[in-house]
1. So if R0 is 51 Å, what FRET efficiency would residue 161 and residue 309 give, r being the distance between their Cβ atoms, rounded to the nearest 0.05?
2. Of all DSSP beta bridges located in the chain, what percent are antiparallel, nearest 5?
3. Using a simple spin-label model with points 7 Å from Cα along the Cα→Cβ vector, what separation in nm is obtained for residue 88 and residue 417?
4. Please provide three numbers in whole Å: the alpha-carbon extents of the chain along the principal axes, with the largest listed first.
5. Select from 553, 192, 612 the residue farthest towards the positive end of the dipole of the chain; place +1 on Cβ of Lys and Arg, -1 on Cβ of Asp and Glu, and compute about the Cα centre.
6. Find the relative contact order for the chain and round it to a whole percent, using C-alpha pairs within less than 8 Å whose residues are 6+ positions apart.
7. Assigning unit charges at the beta carbon (Lys, Arg +1; Asp, Glu -1) and nothing else, what dipole magnitude in debye, to the nearest 20, does region 325-452 show about its Cα centre?
8. Rounded to the nearest angstrom and ordered from largest down, what semi-axes does the equivalent ellipsoid of region 1-145 get from its C-alpha gyration tensor (root of 5λ)?
Amino acid sequence: MAAMDISSVTDLSASYDFVVVGGGTSGLVVASRLTENPNVRVLVLEAGSNRVDDPRIAAPGLAASTYDDPEFDWCITSTPQEALNGRCLAEPRGRTLGGSSAINLGMVIYPSRTDIDAWEKLGSAGWNWASLSHYLQKSQTFTPPSDAVRDELSLGYIDPAIQGKSGPLHVSFGDGPFSAFNAAWPKVFESLNHPLTGDPMSGEATGAFCHPGSIHGTKRTRSHAGVTYYNPEVAKRPNLRVVTEALVEKVLLEKGGDGEYQATGVQFVGRDGQQRTVSADTEVILAAGAIKTPHLLELSGIGDADRLKAHNIEPLVNNPNVGENLQEHGFVPFSWEAADGQVTAEALRNPEVAKLAMDAWATSGAGPLGLCPMASAFVSLPEETKADVQPLIQEHLATVPARYEAQYQILQKMLEDQNEASGQYTIAAFQVLPDKGPSLKGVFGMTEPENYMSMVAVLNRPFSRGFVHLNSSDPAALPTFDPKMLSHPLDLELHTRHVEWLETLATTEPMASLLKPNGRRLHCHERPSGVDVARELTRDRIVAHYHVVGTAAMMPKEIGGVVDSRLKVYGCSKLRVVDASIIPLIPRGNIQTTVYAVAEKAADLIREDSRV
Ligand SMILES: Cc1cc2nc3c(=O)[nH]c(=O)nc-3n(C[C@H](O)[C@H](O)[C@H](O)COP(=O)(O)OP(=O)(O)OC[C@H]3O[C@@H](n4cnc5c(N)ncnc54)[C@H](O)[C@@H]3O)c2cc1C
C-alpha cells in the first residue's frame, strides 16, 4: 500500500505562524508539539517523499537497502580524508518523511550525564542532564521484554522507573529470534571484568548490554518521527500542513527597524517545479539536519562573509562559525567467520529464506526483520594502554586552538575519568566491508561467501573537527562535507587502542566458541598484533557512524556558536535551529535519543518564548 501523497502545494496559505524546514526527526517533533495548540498554524516543508509504508522503511531489518538510493538518502560522500590515506566516506542522511529516523539502524542508546552537563559548561544555561533526561523519557514509550527474552539477553539491568511511559516513539526488544552472539555479548564483558554497572538510560552505566530498538512493541514496525510524531491523528490536525517533495532553497531575511535581520519566510520549490515563497509570522525553524541546516544558513546569507561572497551570495549576517565544529563518530569494523551452525544475516542472501523472513514480518511482525540485532558496550581505555596513552594526551593537547580550548578541556577531563567510557563497542551478525566502499551498497553488500560476525570499535568523543560548507550558490547542489576523520593525532591513537581490544573480545568465552576455529578474518589474514598494525587497520577500515553534529552549535559566538541557549540564530531574529546541528559536543554512542530529546526541549522553549 502506498503512503498518502502529501506533496501537493495547492491551497497553501500565504503565511503560517511557524514554517519548519525539514520533516525529519527533529522537525516533526517540533511541528507535532506546537500544533497541540489548535490556534498555532504550522507548515512543514520536507524535500523527500512520503514513503512511510514502504517495507524498506517500515521493516527495521531492511534499513541498509535505502542507503545510497536517492529516493531515501541525500547520498553525501566526504572529500578524500587525509588521515585515511585519501579514502572518502559515505554519510547517508534521510531524505524522506521522518528523515534519518526513517532509515537509521534503530539502535536505542543513551548519552552520559557528563555528556549533557558539558553543554551547560560550554555556556548554555539549562542544557544539562537534569533537564534533558526529562525529555528523553517524554519522547518515548518503552515496552518491557518478556521474561524469556529478559533471561536470554541478560536484561535484568532495566530500571522500569526511568523508562518512558507515554511518549510517541516506541522502544522495544521484540521476541526474537536473537543470535547467540547477542546473548554471549554481556557475558564476554563480565569475563573481562567490565560488568554492566546500571541501566544506561540513567546516564551513568558502563559495561555491555543488549539494547532495545526504535521499533513498535507488537507490530514490529520501525518507530520513527514520520509515523509517531506525525501519526494519522496528528496528520488530521487542521492547523498542521506537511508538504513533501518541497526543497527549501533559502530563508528569506529582512532588515528590521532595529537594524537587525529577521527571518520572514522561506523560498522553496515544490513537486511541480515552481519556485514559491511562504511567510512565517512568528518564526522559521530549521530542522534540516546537521549537514543541510548550515548549508541553508549559508545559502540564505548567514555564514562567513568572504566564503559567501566567493559564491556570489550577499552576506547578511557574518558568522564564520556556521558549518564549522563538525563532529562525527567513526566505527572500525572487524569481521570473523562464524562457527558452523551459527545463524547470521548472510542467511538472507538465500532468496527463499529472504521470502520467508519477509512473509513472517508482513503477516505478524515475526522473525529477524522486525528486530534491532545489535548490542553495545561502553568502556574506558583498556587498563594496559593507560601508561602508553597518558604521555600522548599531554603531548597532543599541549597546544590547543583557542576556539576549541573550552571543548578540549572538558574532553580531556572525561578521558581521564574512569567512569566515562571513551569507547563504544557494537556487535552485528553480518560482514562489514569498508574496502568495498565508500558506497554503503559495497560496505554492507555481503559479497564474501561465508557467514560472519562483526564487532566495531567507536571513539565516543573525538577531538577532530571538520566542516560542511556550500559548494555553489545552487541550492540543489550538495555542500562540501569534510569530517576530517582522525585528523587530530590523539583520535588516531585513542581509537587504535580501542581497536586493539577487538581481538580480545573475539577470543573471550562465550564468544570464542561461536566463531569458526581457523576461520577467515576479513580485517586481516591473521590475528593482528601490535599497535602499529592496529593503527593502520584503524585508518584503512574506519567508516562514518552517521552521527554528524555541531555545525550550528549552541555555544557563545566567541567560542564557535551559531545559536544561543534558546536555539536562536545569532544576528538574526525569528530564526531557530532545532536539529542535531546544535549539539556542541558529540555525546557517547548513537544519538537519535538525544536528537529527539533536544527537539522536545526546543518545542517547549519556542512555546515559552512565543507564548503559544
Ligand atoms: C544511516 C543512519 C543510521 C543511523 N543509525 C542510528 C542508530 O541506529 N541509532 C541512533 O541513535 N542514531 C542513528 N542514526 C542517527 C540519527 O538517526 C540522526 O542523528 C537523527 O535522526 C538526525 O535527526 P535530525 O532531525 O537532525 O535530521 P534528519 O532526521 O536527517 O532530518 C532532516 C530532514 O530535513 C530534510 N531536508 C534537508 N534539507 C532540506 C531542504 N533544503 N528542504 C526541505 N527539507 C530538507 C531532510 O530530507 C530530512 O528529512 C543514524 C543515522 C543514519 C543516517
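All of the numbers you see were taken from the coordinates with simple rules; none came from a lab. Remember, predicted model here, so these are calculated numbers, not experimental data. All Cβ positions, glycine included, derive from the backbone under ideal geometry; neighbour counts span all protein chains shown.
1. 0.35
2. On the way: 53 of 79 bridges.
Looking only at bridges with both residues in the chain, the antiparallel portion is about 65 percent.
3. 3.9
4. Between the extreme Cα coordinates on each principal axis of the chain lie 73, 60, 43 Å.
5. 612
6. Once divided by the residue count of the chain, the mean separation gives 22 percent.
7. Dipole size: approximately 500 debye.
8. Value: 27, 26, 18 Å, ordered largest first.
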